[in-house]
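To start, the structure itself, in structure tokens.
Laboratory data are not the source of any read-out in this text; all were calculated from the coordinates shown. Keep in mind the model is a prediction, meaning the values are calculated, not measured. Every residue, glycine as well, gets a Cβ built from its backbone with ideal geometry; the counts of neighbours run over all protein chains shown.
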Amino acid sequence: MNAEFFCSRCRTPFLSSAPLDRDGVCDRCRSGLAGYDSAYSFGYYEGTLRTLIHHFKYAKIEPLGQPLGRLLLRAMPENLEVDMIVPVPLHWLRRLWRGFLSRPGMVEGKRVLLLDDVLTTGATVTTCSALLRQGGALSVTVLTLARVDRRPMVGNAVLTAASAAGGGAK
Ligand SMILES: [Zn+2]
């Protein structure tokens, strides 16, 4: 990702360094509101990546699953150590709930990696993180294929760059 200013924990991009403290951490992470320890994404939810994810999810093009999985792996830091991988989609969340009830201590002391396709507001992963923390998880790291760039005007800048280059991307 090419953001010039981003939180060192959740990697949320910002237009300037103003929202970040001396350690490069944003307000939300500093206050613990994000719920997770760090978040990584392969890229922004736009262009080709957005099209691929969309086809995989809604058109159910199964063969896309493997290449998308490989992109997900590439977004993961090499030195990251995890004990448990939990996919975020809702039916898994429900299963997780049931798991906690039937098997308390399932995530206790575990370093958990939460997987999702797109990080938008982060509300879902924040909910999951809170759940995992309640269950005694040692740390929660979020790994997504794409994140939505919520900075104002960035979309226009990207469009301009794309059209200047002859406009391959929409
Ligand atoms: Zn942050």
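So if we plug the beta-carbon distance of residue 31 and residue 111 into 1/(1 + (r/R0)^6) with R0 = 30 Å, what FRET efficiency do we get, rounded to 0.05? Before the final figure, lay out the partial values.
Working: r = 22 Å, r/R0 = 0.74.
Efficiency computed from Cβ-Cβ geometry: 0.85.
Whose amide H sits under 5 Å from the amide H of residue 86, counting only residues 5 or more places off or on another chain, with H placed in the peptide plane?
The list, which skips near neighbours in sequence, is 113, 114, 115.
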